[in-house]
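The values are calculated or read from the model by the stated rules, or taken from the named source; none is laboratory data. Predicted, not measured: the structure shown is a model, and the values here were computed from it. Counting neighbours? That spans all protein chains shown, and the Cβs are built from the backbone with ideal geometry, glycine included.
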């Protein structure tokens, strides 16, 4: 890593399904200690379009170059929200979804057979999916302390089924450099599917032996990747043009 002044950039964080912006609570202080401006967005999880609109409202408030970061479903949100926004300089995917134009999150989730520990999800009468406490403990955050997983279950925000079926518009990863943490012990998004999405972005691919929620189980590793992205976009030249990326 270089000695680039990281205070000249901002990081915008987008959370996953069954979570809210507080899911980044182990990441935010570590970034702020480096002098990076941070905003964690509260997306409603009512539709992909709704979620994208909320992120874009936050992006409008940013004067510094932005690195847009998404965890899990949040990856789909940043893929749409970052498109054609000149101030968004890079994307970071953390065990995340990165659909191509016309794809849906649901299609990508079903690209591989579910893990044996992955919960079966059935929408409620209002069309929302909830995660059981057992699902958090065994699939979403199996490498986090049991108490942390229990808090995740108690504070969860459900996701509308419609979020999974809405087609992606123009994907930002086709026009911007990206960094992709592939969670090799993920039980929610198959690692093979993550690798498939990561490699087609043409960006930096970083496989790590972590679970689906490294925000909680390996925060220092997540911060390292985000900081690398911030450092990269602040160089005078483009660090990694899409389609010509180095894979690490």
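Descriptive notes on the structure:
- Residues of the stretch 194-217 classified as under 14 Å from residue 143 (Cα atoms) and either buried (at least 22 other Cβ atoms within 10 Å of the Cβ) or touching a residue at least 60 places away in the same chain (Cβ under 8 Å) (or both), total: 8
- Looking across the stretch 130-180, the residues that are in contact (Cβ under 8 Å) with a residue 24 or more places away in the chain, over 25 Å from residue 91 (Cα atoms) and touching a helix residue (DSSP H, G or I) at 6+ places or on another chain (Cβ under 6 Å) come down to 136, 143, 144, 148, 152.
- Residue pairs whose Cβ atoms lie under 8 Å apart, sitting 6 or more positions apart in sequence or on different chains, and linking a residue in the stretch 55-83 that is buried (at least 20 other Cβ atoms within 10 Å of the Cβ) to a partner that is in a helix (DSSP H, G or I) and at pLDDT below 95, are 67/233.
- Every residue from the stretch 5-32 that is surrounded by fewer than 16 Cβ atoms within 10 Å (Cβ to Cβ) and at pLDDT below 95: 5, 7, 8
- Of all the criteria given as (1) surrounded by 15 or more Cβ atoms within 10 Å (Cβ to Cβ); (2) in contact with a strand residue (DSSP E or B) (Cβ under 6 Å, 6 or more places away or on another chain); (3) on the phi > 0 side of the Ramachandran plot, the one not satisfied by residue 129 is (3).
- If the condition is being in contact with a strand residue (DSSP E or B) (Cβ under 7 Å, 6 or more places away or on another chain), assigned to a loop (DSSP other than H, G, I, E, B) and buried (at least 17 other Cβ atoms within 10 Å of the Cβ), then the stretch 139-192 contributes 158, 176, 177.
- Hits in the stretch 194-238 - residues which are modelled with pLDDT of 95 or more and assigned to a loop (DSSP other than H, G, I, E, B): 201, 202, 203, 209, 210, 211, 212, 213, 218
- Scanning the stretch 181-202 for residues that are farther than 16 Å from residue 111 by Cβ and under 15 Å from the mean Cα position of the chain (by Cα) returns a single hit, 181.
- Taken together, the residues in the stretch 41-54 that are over 13 Å from residue 166 (Cβ atoms) and crowded, with 24+ Cβ neighbours inside 10 Å amount to 2.
- The stretch 88-113, residues that are under 24 Å from residue 209 (Cα atoms), out of contact with any helix residue (DSSP H, G or I) (no Cβ under 8 Å at 6 or more places or on another chain) and touching a residue at least 24 places away in the same chain (Cβ under 8 Å): 113
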